[in-house]
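Novice: Sharing a structure here in structure tokens format.
Any read-out appearing in this document is the output of simple, stated calculations on the displayed coordinates, not a laboratory observation. Not measured: the values here are computed from a predicted model. Note: ideal-geometry Cβ built from the backbone for every residue, glycine included; neighbour counts use all protein chains shown.
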Amino acid sequence: MATGEALCNNVQSTVSVTRRSYQVVIAATRDMGLGMDMKLPWDLPMEYEFFQGVTTKTSDPKKRNATIMGRKTWDSTPLEFRPLLGRLNVVLTSSSCLDIGADDNVLVCSTMESALELLATAPYSLSIETVFVIGGGELLRNYMNAPDCEAIHLTEIDISVPCDAFAPRVDTSLYHPWYSSFPRMENGTRYSFNTYVRRKNHIFGSGEKKSVVGSDFKQYYSFLPKMVFERHEEFGYLNLVQNIISTGDMNDNTTLSKFGCQMRFNLRKTFPLLTTKKVFWLGVVEETLQLISGSTNPKEKGNNHIWDSDEAKEYINSFRENATEEEVDNPLQWRNSDSSKEFNQLSDVINKIKNNPHKQKIMLSTYNLKLSVSPCQTVAQFYVANGELSCQIYQNSTEASLEIPFSIAAYSLLTCIIAHVCDLVAGDFIHVIGQANINKTHVQNIQKQLQISPIPFPILKINPQKKKIDDNFEASDLELLKI
Ligand SMILES: NC(=O)c1ccc[n+]([C@@H]2O[C@H](COP(=O)([O-])OP(=O)(O)OC[C@H]3O[C@@H](n4cnc5c(N)ncnc54)[C@H](OP(=O)(O)O)[C@@H]3O)[C@@H](O)[C@H]2O)c1
């Protein structure tokens, strides 16, 4: 059993060795406030549960994690909670006589570098799975954005209260969001869990730059705690297709189907363009912008020709009653629900969102009266709360391998553009699907896709000069920033 003092000496005599990389886990207010008078200025049991889960759980049951903290964070932890159970507690202090008593679960180190070096040598290199730096402010000022930090788990607490300890802001030139939870309320406080991972060009470890490229990169993020890794929203889609393949109904000899499916995507920080397969982003942009413009001119379709195939035309023609050629060529409309052009749906939606969002349902229907045809995306409904715009669509029947990823991106883009022109933040996109189908011939490719790990979703930047829906948005106004 080692005393703190003995370990201080031990650390000082350690020869230069590889350093462990680490992840930061903290909760902070809007101003990055961490604490006041050596206490946390909030009471959020579920937030504490998350902290406990992330820092305690390991994938190897024979290992445990280490938590590195500043001496004042140690002092501020109530006696009954310290040392933190099930973890190796590493306390940093410049003092050589911190009296912690004899405890196998506590190490005292005089510098961060010596702590990371010690944890990289036996027995800790074998028994410690992940190293977490848990604060406080003084420690984070130097080490939150430092090269050995692989990820930051930040609970963003949506309050402004007086604090005397602060963390620096996450440097977004170094980190990219991996996951952001839907906001939750606890004891009247709104907050969300966020994980940021080091950008591809800034992946370091053990003091040296790692070269992580190609397919290695696709598997790279498995270093994240499992409970965070699995929260990537792409798993919602991957689980859906897995579910269709393994338990779907075979109603004919060619197609597997599931009825009644739902996925939810958070648009606040990232944009859900799937990463385990190629989604035709330019096609998404051009179709969305054409539908926003209300144009039926085939020359303005750009690269998007999804309704141009003989099969698509035959399908639309089968519903044709009094429709014109123009309507057959453009079955999906957001501007006008029929060719009378008397009622502009999209303007109506924006008007309601801006002026009267809570008094009435805000709906966008794609049902084409003249064609008596209901395109597969039947209806979108919008909702405003907390300065955020959310959208739910109902898609009555769709193909899961190509159409679903395309629709997720297209309606998320529409939501982001409408939020932008209404001075709102984009909130949730909820995708409800009546019948989701997979053609048997696609199963093998989808199974290959299921072997790939997602990487962080990109971030969408909309040109701030374009302020109105009629400002003729172009593809260049919509920039996707990838990790
Ligand atoms: N919200 C959160 O997630 C969270 C997390 C942790 C803490 N907190 C709060 O933050 C406050 C404490 O933070 P704080 O900024 O005042 O102090 P802190 O960072 O916890 O501790 C500072 C002390 O740690 C030691 N230290 C720091 N960096 C060191 C280094 N590189 N090498 C050696 N020793 C080092 C020094 O101890 P000596 O003076 O002994 O040399 C220093 O005075 C409390 O209010 C606590 O409740 C909040």
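Novice: May I ask for log10 I(q)/I(0) of the range 343-483 at q = 0.20 Å⁻¹, from a Debye sum over the Cα atoms as equal point scatterers with solvent left out?
Specialist: -1.31
Novice: So, in nm, how far is label residue 461 from label residue 351 when the simple model puts each one 7 Å beyond its Cα toward the Cβ?
Specialist: Once both label points are built, they end up 3.5 nm from each other.
Novice: At most 15 other Cβ atoms within 10 Å and a DSSP loop assignment: could you name the GluC sites (Glu not before Pro) in the range 402-483 that fit?
Specialist: 474
Novice: Can you give me the Kirkwood hydrodynamic radius for the range 59-113, using every pair of distinct Cα atoms, in Å to one decimal?
Specialist: Numbers: mean 1/r = 0.0842 Å⁻¹.
For the range 59-113, inverting the mean 1/r across all distinct Cα pairs yields 11.9 Å.
Novice: Multiply the residue separation of residue 30 and residue 223 by 0.36 nm, subtract the distance between their alpha-carbon atoms, and state the gained length in nm to one decimal. Mind dumping the intermediate values first?
Specialist: On the way: separation 193, 0.36 × 193 = 69.48 nm, distance 2.78 nm.
Extra length from residue 30 to residue 223 when fully extended: 66.7 nm.
Novice: Here's another thing I want to ask about it. Report the full-extension gain for the segment residue 46 to residue 476: residue separation times 0.36 nm, less the Cα-Cα distance, to one decimal in nm. Let's see the in-between values first.
Specialist: Working: separation 430, 0.36 × 430 = 154.80 nm, distance 4.22 nm.
Taking residue 46 through residue 476 to full extension adds about 150.6 nm, to one decimal.
Novice: If a paramagnetic tag sat 7 Å from the Cα of residue 394 along the Cα-Cβ line, which residues of the range 257-278 would have the backbone N under 20 Å from that point?
Specialist: 258-265
Novice: May I pose another question? Using 19 Å as the cut-off for backbone N distance, which residues of the range 23-38 belong to the label zone defined by a point 7 Å from the Cα of residue 169 along Cα→Cβ?
Specialist: 26-35
Novice: Here's another thing I want to ask about it. Sum up the charges of everything whose Cβ sits under 11 Å from the Cβ of residue 162, counting Lys and Arg as +1 and Asp and Glu as -1, but leave residue 162 out.
Specialist: Residues near residue 162 contribute -3 overall.
Novice: May I ask for the net charge around residue 461, where only other residues with Cβ less than 11 Å from the Cβ of residue 461 are counted and Lys, Arg are +1 while Asp, Glu are -1? Before the final figure, lay out each step's value.
Specialist: On the way: positive: none; negative: 477, 479.
The answer is -2.
Novice: Just grab the label-to-label distance for residue 182 and residue 199, each label 7 Å out from Cα along the Cβ direction, in nm (one decimal).
Specialist: Here the answer is 3.1 nm between the modelled labels.
Novice: Now for a separate question. From the P(r) of the range 4-229, could you give the percentage of C-alpha pairs in the tail past 25 Å?
Specialist: 39
Novice: Between residue 60 and residue 80, 0.36 nm times their residue separation minus their Cα-Cα distance comes to what?
Specialist: Full extension of this stretch gives 4.5 nm more.
Novice: If each of residue 160 and residue 361 carries a label point 7 Å out from its Cα toward its Cβ, how far apart are those two points in nm?
Specialist: So the two model labels end up 3.9 nm from each other.
Novice: Follow-up question, since we're still on this one. Quote the FRET efficiency, to the nearest 0.05, computed for residue 239 versus residue 402 with a Förster distance R0 of 22 Å and r equal to the Cβ-Cβ distance.
Specialist: 0.75
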